[in-house]
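Enquirer: I have a structure I would like to understand better, so I am pasting it below and will then ask my questions one at a time.
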There are 2 protein chains.
Amino acid sequence: MTAELLQQALTKQNDSTSPLPLSQALLLPRIAIEDTTPVIDGGDFAVKAVEGERIHVTSNVFADGHDRLAVRIRWRSAREEHWHSVTMTELGNNAWDGSFTVQAQGPHHYCIEAWIDQFASFCYELGKKHTAGVPVSLELQEGRNQVLHAAERNEGELHQRLIQLHQELSGLLETEQVARFLHEDSAELMAQADLRPYLSTSPIYPIDVERRQALFASWYELFPRSITDDPARHGTFNDVHSRLPMIRDMGFDVLYFPPIHPIGRSHRKGKNNSLTAGPDDPGSPYAIGSEEGGHEAIHAQLGSREDFRRLVAAAAEHGLEIALDFAIQCSQDHPWLKQHPGWFNWRPDGTIKYAENPPKKYQDIVNVDFYAADAIPGLWMELRDIVVGWVQEGVKTFRVDNPHTKPLPFWQWLISDVRAEHPEVIFLAEAFTTPAMMARLGKVGYSQSYTYFTWRNTKAELSEYFTQLNQSPWRECYRPNFFVNTPDINPGFLHQCGRAGFLIRAALATMGSGLWGMYSGFELCESAAVPGKEEYLDSEKYEIRPRDFSIPGNIIAQIAQLNRIRRQNPALQTHLGLTFYNAWNDNIVYFGKRSEDGSNFVLVAVSLDPFNAQEAHFELPLWELGLPDDAQTQGEDLMNGHRWTWHGKTQFMRIEPWNQPFGIWRITVS
Amino acid sequence: MTAELLQQALTKQNDSTSPLPLSQALLLPRIAIEDTTPVIDGGDFAVKAVEGERIHVTSNVFADGHDRLAVRIRWRSAREEHWHSVTMTELGNNAWDGSFTVQAQGPHHYCIEAWIDQFASFCYELGKKHTAGVPVSLELQEGRNQVLHAAERNEGELHQRLIQLHQELSGLLETEQVARFLHEDSAELMAQADLRPYLSTSPIYPIDVERRQALFASWYELFPRSITDDPARHGTFNDVHSRLPMIRDMGFDVLYFPPIHPIGRSHRKGKNNSLTAGPDDPGSPYAIGSEEGGHEAIHAQLGSREDFRRLVAAAAEHGLEIALDFAIQCSQDHPWLKQHPGWFNWRPDGTIKYAENPPKKYQDIVNVDFYAADAIPGLWMELRDIVVGWVQEGVKTFRVDNPHTKPLPFWQWLISDVRAEHPEVIFLAEAFTTPAMMARLGKVGYSQSYTYFTWRNTKAELSEYFTQLNQSPWRECYRPNFFVNTPDINPGFLHQCGRAGFLIRAALATMGSGLWGMYSGFELCESAAVPGKEEYLDSEKYEIRPRDFSIPGNIIAQIAQLNRIRRQNPALQTHLGLTFYNAWNDNIVYFGKRSEDGSNFVLVAVSLDPFNAQEAHFELPLWELGLPDDAQTQGEDLMNGHRWTWHGKTQFMRIEPWNQPFGIWRITVS
């Protein structure tokens, strides 16, 4: 670290007020290494990756003059002592690229190193001159000297082999010598003896490697208390067992619960967010904390800790993992108000200001002050311990409520600290705020993020947004989890669109990103809204809402098939690798997703019109398959298994929303 | 520096292999400052500016929660001890901007600082609540407490004024109190007492401020030895005096000479780059060094040192400055070969490899080895001393030959070192190589650079190139000097285009950039080429070539007028501020340049067809003037002074190359 900082200090000479001293200039790298990717903010934050991912590195590497350069990537996981190394390839115009695969979870680092490859430079010139018929006897003598010097500065077997090469060369005719110099064995031998002159090293750039579920997972959200057949009977963890098979059959991986902690009584919200709760109103689970306990405790009506453990285990047996909500707010009955009054800002009248996330008001909630004198470090450590406590209960995924209203350094520390011991833990940021803050939460460590997807409805909006998420800086720092709805967001589009509209949004979410989420009721096409608002009428946040999951008109089968297609097609297991293609109809979004190795190529067409049939001519991306415009390709409808042959580039589609408002086709070469 | 490095070390925590310790997380900035511009490579290199330039700074600045931020730019020149400071303005979505003007030459630095403005946050909320009719008595009490605490932590007059404000507030009715809090006097007073909580500071970014001629200058190149009426008589510095009035009348500022040093005899090139020189062949001035001396000496046939000084003085009287060529190569007769054999790489046969810049071969030239053991630091210091020696002779501008074949750290040091004492010195990089290296030479300190302009001929090529130079990273690091020709480049376009073609290229160069250059003969439309090559036949590099500067068909008057227009229109004194507009003809390039304050707006249309008349409908950029499509504007032809009124946005032009292949019009609002 010290050497690196020193080097950075040297490079940053322009910061100083005196000119660059010659002694320092002589230490500056002769070889420039610029514009390396992937890098976030110059290396201040780690680039996101998942286990088994191939990291493609590009960089501009160049020096004065015409010498050949040797350029390598070095990388290692934080747990490894030694660096791996791989050669980069020159692409022209000083651009180089290379790649390596990260296998383990946790922090990794890479850098680029380059040096002047004197033997390669020699061989390059020798070959050119020899081919041009220019006399090369002097060059050959120089080459033999290079070999001899390499032998002299080495010992043992390498010395022997170099001496042998030198002797061999000395006995050959000129043309044979040229051939011997240019043979790959000579290059390999000389590379072993290479002094790596003018070695330059880029800064070390971090990569954060997570388990694959950080990039590919399907989330299902439910309120355990609503898993009951009678609104008067509070559902329990034990009740949730009955839902597991169906949720798994729909193809979900993550089962996410809003807070499961004791709910405060003071200022408890009543039905439909009213300021006065009736005696039987259960209150918002986000008003965390009562005499029973705080964030570490379980709301007694949900069951015991033992019940929770049994549910986690049962879910795991069904291939589901439980995700909890981490909502760092307190009801006014939270034990911390008495135990740690110094963690809060008290007003002159002895109250604490309730929480707001304009325009929303949370009269039943107060916030801690992370930088209050008494909160450092007690509050920070307590919060970390709470997360770790749930991790120890088998919870490996956390949805974090409103992280943008808590300090960024807190998240940077908490996530780093938790993942140092538990690299498998995933944090999803529920922030709906400015783009800069959304991205920054990814940078400081969030694995996944809520998105603007819910408010992107037109072809132009969706194209722009999906494309942006595929570009820097978003692609390096931000993994979008496309929720089609949440208890807080009943999207305007769904209010009047009918069943076809729900299928449209499900198709866009499932095909658009490796991560998508659904709050229960969506599969039943629930859409009753508070008039004029994007909020659910009779919101489950304030009352127990049993549901009939076999209600006619549901889209459970379609969701199950969409999730099945995702599992079977690697191209769909990420938001990356998405490209929009031409379909000449503004009501039809048409894009392709292709796996990194190119073997899996899925085309998705979604009509945005839930009421009318839409038709369009569209282009098959034959050029991406290296095919001519008149090529023949095979299509397969992934929703129903039909297969056909496409002839040529321009095709026609008709989408009837009353049947299915989208098409998902795998394209393969005949 | 140490504190700053420490902070960078903290920010770079992701580099370390252990998780972020809480103690360090607590020191991380709560406020994020991101994507600041202008910045080159994260601050590794200085952004270019000239005296009197307004530096526009933008940044994304944000923190958790809903507090108001105070955001400022701090800046200073390296010679100043104290920082200046200016408030930034919020533009929405976390974007902020501000600006300051740099006055002195030399290094400057700036950074952004931000803190949570607690009083502004209080006032913002107070205002909103009061307007909404919400009771605010508790808020008012909190506000008075803020004022009281501010008073308590200050002394003297500030204490008094705060106490007074507190007393005044305590005596007011609620509505009056609100007004008093929201009054700008209160904000100003509280700002003085502001503790600047959560102060965050961006890295410090360097700016390099040069004299205006670094951005705006017209270069004229001649070989002094050709200023003669007889090829058998070597021209001298004294002969050049006769050319000064005409060069100045053409509007040039810089008179640039190829190397003026003694020319070697060994391997001297003959006419047309032949390998054998006749006894009277003068040789290439780039084969520097003979028994008479090296880079510090003057070729005796040009005159004495005294003659040179007189020429520099006479040029200055004409408003011209002399620029010299700094070409770090040696003829084989250069004194260094004997004095400093360790500065060169000797081959096994006792020779030195001659220079090549593929595909060109320079058999009369050898290169030094900057990193030879004996060359450090002797060669580096010698070269610096040579430059400083010429600076002391009054030469403030250097054109550097092939800088991309010399080490980048050498230039970074040399330019920094020379400019520390002589900030007025300008270096022009004559590099024709990869884009990355071209940009990097600007980053390490070159004021100006040769460009690809010579090879950009079509409308698409010119649009793309001019636009690219106006964008990051080019706009921050690279000032293009558009040479229409050089002794080395006789552009293909000029071979057959006739006089109109020369006018086309002159118009593009003079209007495209603040910097342009011309090698003598261009004004006479000289174009005879070595068949099939972009080289001049009978190149002046190898022989003395007297010229008749009054030859019919010359374009001297047009060049003079173009340069006059440049002097009179600030918009044309930079390559920046250039935008392409619609002209519906692929043979007509049409762009506008507007001065930063918007007051000077010049439209340029250049036909690329030297043979045929071209016509086009084109758009006046009324929208940039805030005018409707049917507005009336005044046009002025800057070549001939004609004036007219334009009605509406769409206009028509006809360009007849046999008259003048371009139009330059100043547009003003009626």
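All of the numbers you see were taken from the coordinates with simple rules; none came from a lab. Owing to the predicted nature of the structure, the values given are computational and were not obtained by experimental measurement. Backbone-built Cβ (ideal geometry, glycine too); neighbour counts: all protein chains shown.
Enquirer: Note the full-extension length gain between residue A:373 and residue A:629 as 0.36 nm times their separation in residues minus their Cα-Cα distance, in nm to one decimal. Walk me through the numbers before you get to the answer.
Expert: Values: separation 256, 0.36 × 256 = 92.16 nm, distance 6.89 nm.
Stretched out fully, the residue A:373 to residue A:629 stretch lengthens by 85.3 nm.
Enquirer: For segment B:578-669, count the residues as N, evaluate 2.2 N^0.38 Å, and divide the Cα radius of gyration by that value, please.
Expert: Working: Rg = 12.7 Å, N = 92, 2.2 N^0.38 = 12.3 Å.
Compactness ratio reported: 1.04.
Enquirer: So, one more: Rounded to two decimal places and with Rh computed the Kirkwood way over Cα pairs, what is Rg over Rh for segment B:180-291? List each step's numbers first, then the result.
Expert: Numbers: Rg = 29.6 Å, Rh = 20.1 Å.
My calculation puts Rg/Rh at 1.48.
Enquirer: Can I ask one more? Placing a label point 7 Å from Cα toward Cβ, how far apart in nm is residue A:197 from its equivalents in the other copies, listed shortest first to one decimal?
Expert: 6.1
Enquirer: Could you tell me which chymotrypsin sites (Phe, Trp or Tyr not before Pro) in segment A:43-152 are loop residues by DSSP with no more than 16 other beta carbons within 10 angstrom of their beta carbon? All intermediate terms of the calculation are to be shown ahead of the outcome.
Expert: Numbers: sites: A:45, A:62, A:75, A:83, A:96, A:100, A:110, A:115, A:119, A:122, A:124; in loops: A:83.
Qualifying residues, ordered by number: A:83.
Enquirer: To the nearest whole number, what is the average tally of beta carbon atoms from other chains within 10 Å of the beta carbons of peptide B:20-29? Each step should come with its number before you reach the end.
Expert: Details: counts 10, 3, 10, 2, 3, 12, 9, 1, 7, 3.
Taking the mean over all residues of the peptide, I get 6.
Enquirer: Continuing with this model, one more query. So in the protein assembly as shown, what percent of DSSP beta bridges are antiparallel if you round to the nearest 5?
Expert: Working: 157 of 219 bridges.
Among the beta bridges of the protein assembly as shown, antiparallel pairing accounts for roughly 70 percent.
Enquirer: Amide H of residue A:217 versus every other amide H placed in the peptide plane: which residues, excluding those fewer than 5 positions away on the same chain, fall under 5 Å?
Expert: Answer set, sorted by chain and number: A:515, A:516.
Enquirer: Give me the percent of DSSP beta bridges within chain A that run antiparallel, rounded to the nearest 5.
Expert: Antiparallel bridges make up about 70 percent of those DSSP assigns within chain A.
Enquirer: If you average the sequence gap of Cα pairs under 8 Å that are 6 or more apart and divide by the length of segment A:150-262, what percent do you get for the contact order? Before the final figure, lay out each step's value.
Expert: Values: 74 pairs, mean separation 23.4, N = 113.
Averaging sequence separation for qualifying contacts and normalising by length gives 21 percent for segment A:150-262.
Enquirer: Follow-up. Enter the Cα centre distance for the pair segment A:629-670 and segment A:385-403, rounded to the nearest angstrom.
Expert: 43 Å
Enquirer: Excluding residue B:25 itself, what net charge comes from residues whose Cβ is under 12 Å from its Cβ, given Lys and Arg +1 and Asp and Glu -1? Can you show the working numbers first?
Expert: On the way: positive: A:384, B:30; negative: A:417.
With Lys, Arg at +1 and Asp, Glu at -1, the neighbours total +1.
Enquirer: On to the next question. Less than 12 Å Cβ to Cβ from residue A:439, Lys/Arg counted +1 and Asp/Glu -1: what total charge do the surrounding residues give? Can you show the working numbers first?
Expert: Values: positive: A:48, A:440, A:443, A:475, A:479; negative: A:41, A:476, B:34, B:35.
With Lys, Arg at +1 and Asp, Glu at -1, the net is +1.
Enquirer: Point me to the residue of chain A whose C-beta lies closest to the A-onto-B rotation axis, rounding the distance to whole angstrom.
Expert: A:42, 2
Enquirer: From the phi of every residue in segment A:604-617, what ³J(HN,Hα) in whole Hz does the Karplus formula 6.51 cos²θ - 1.76 cosθ + 1.60 yield, where θ is phi - 60° and glycine or proline is x?
Expert: 10, 10, 10, 7, 8, 9, x, 10, 10, 5, 10, 10, 7, 6
Enquirer: While we're looking at this one, here's another question. Across segment B:168-177, in residue order, what do the Karplus-derived ³J(HN,Hα) couplings come to in whole Hz, using 6.51 cos²θ - 1.76 cosθ + 1.60 with θ = phi - 60° and x for Gly and Pro?
Expert: 4, 4, 4, x, 9, 5, 4, 4, 5, 4
Enquirer: Take every residue in peptide A:660-666, count the Cβ atoms of other chains within 10 Å of its Cβ, and give the average of those counts.
Expert: On the way: counts 0, 0, 0, 0, 0, 0, 0.
Neighbouring Cβ atoms belonging to other protein chains average 0 per residue here.
Enquirer: Hey, another quick one. What does DSSP give for segment A:210-330 in terms of the percent of beta bridges that are antiparallel, rounded to the nearest 5?
Expert: Working: 2 of 9 bridges.
Looking only at bridges with both residues in segment A:210-330, the antiparallel portion is about 20 percent.
Enquirer: Per residue of segment A:407-420, what does 6.51 cos²θ - 1.76 cosθ + 1.60 with θ = phi - 60° give for ³J(HN,Hα)? Whole Hz please, x for Gly and Pro, Karplus curve as stated.
Expert: Listing the rounded values in order: x, 4, x, 4, 5, 4, 6, 4, 5, 4, 5, 5, 6, 4 Hz.
Enquirer: Can you list, shortest first in nanometers, how far residue A:654 lies from the same residue in the other copies, with each label 7 Å from Cα toward Cβ?
Expert: Spelled out, the distances from residue A:654's label point are 5.5 nm.
Enquirer: Something else about it: Hey, if you drop one equal point scatterer on each alpha-carbon of chain B and run the Debye formula without solvent, what base-10 log of I(q)/I(0) do you get at q = 0.10 Å⁻¹?
Expert: For chain B at q = 0.10 Å⁻¹, log10 I(q)/I(0) is -1.01.
Enquirer: Right, here's the next one. Helix B:498-512 against the longest principal axis of chain B: what's the angle in degrees, Cα atoms only, rounded to the nearest 10?
Expert: 30 degrees
Enquirer: Counting Lys +1, Arg +1, Asp -1, Glu -1, what net charge surrounds residue B:408 among other residues with beta carbon under 10 Å of its beta carbon? Each step should come with its number before you reach the end.
Expert: Values: positive: A:30, B:406, B:440, B:443; negative: A:64.
Around residue B:408, the surrounding residues sum to +3.
Enquirer: Report, by chain and number, residues whose modeled amide H sits under 5 Å from the one on residue B:369, excluding near sequence neighbours (fewer than 5 apart, same chain).
Expert: B:344, B:345
Enquirer: Can you give the log10 of the normalised intensity I(q)/I(0) at q = 0.05 Å⁻¹, computed with Debye over equal Cα scatterers of the protein assembly as shown?
Expert: -0.49
Enquirer: Hey, another quick one. So between residue A:167 and residue A:313, what do we pick up on full extension, going 0.36 nm a residue minus the alpha carbon distance?
Expert: Values: separation 146, 0.36 × 146 = 52.56 nm, distance 7.08 nm.
Working it through step by step, the gained length comes to 45.5 nm.
Enquirer: Mind checking the angle between helix B:305-317 and chain B's longest principal axis? C-alpha axes, 0 to 90 degrees, to the nearest 10.
Expert: On a 0 to 90 degree scale, this one is about 50.
Enquirer: Using Cα atoms only, what is the angle between the long axis of helix B:556-568 and the major principal axis of chain B, expressed in degrees (0 to 90) to the nearest 10?
Expert: The helix B:556-568 is inclined about 20 degrees to chain B.
Enquirer: Please identify every one of the trypsin sites (Lys or Arg not before Pro) in segment A:173-240 that sits in a loop by DSSP and has no more than 16 other beta carbons within 10 Å of its own beta carbon. Let's see the in-between values first.
Expert: Values: sites: A:180, A:211, A:212, A:225, A:233; in loops: A:211, A:233.
Taking segment A:173-240 and a limit of 16 other Cβ atoms within 10 Å, the loop trypsin sites (Lys or Arg not before Pro) found are A:233.
Enquirer: Oh, and also: Can you list, shortest first in nanometers, how far residue B:619 lies from the same residue in the other copies, with each label 7 Å from Cα toward Cβ?
Expert: 2.4
Enquirer: Roughly how many nanometres apart are two label points built 7 Å out from the Cα toward the Cβ at residue B:233 and residue A:183?
Expert: Label-label distance for residue B:233 and residue A:183, simple model: 6.8 nm.
Enquirer: Do any of B:360/B:396; A:48/B:406; A:396/B:129; B:396/B:459 go past 32 Å between their Cα atoms, and which?
Expert: Details: B:360/B:396 30 Å; A:48/B:406 39 Å; A:396/B:129 42 Å; B:396/B:459 36 Å.
Over 32 Å apart, Cα to Cα: A:48/B:406; A:396/B:129; B:396/B:459.
Enquirer: While we're on this one: Please identify every one of the GluC sites (Glu not before Pro) in segment B:114-161 that sits in a loop by DSSP and has no more than 16 other beta carbons within 10 Å of its own beta carbon. Provide the component values of the computation, followed by the final result.
Expert: Working: sites: B:125, B:139, B:142, B:152, B:155, B:157; in loops: B:155.
Answer in residue order: B:155.
Enquirer: Under the rule of at least 5 residues apart or a separate chain, name every residue whose amide H is placed under 5 Å from the amide H of residue A:106.
Expert: A:209, A:210
Enquirer: Calculate the mean, over all residues of peptide B:64-72, of how many other protein chain Cβ atoms lie within 10 angstrom of the residue's Cβ.
Expert: Details: counts 16, 8, 5, 0, 0, 0, 0, 0, 0.
Mean partner-chain Cβ count within 10 Å for B:64-72: 3.
Enquirer: Right, something else. With contacts defined as alpha carbon pairs under 8 Å and 6 or more residues apart, what's the relative contact order of chain B in percent?
Expert: Numbers: 1337 pairs, mean separation 69.0, N = 670.
10 percent.
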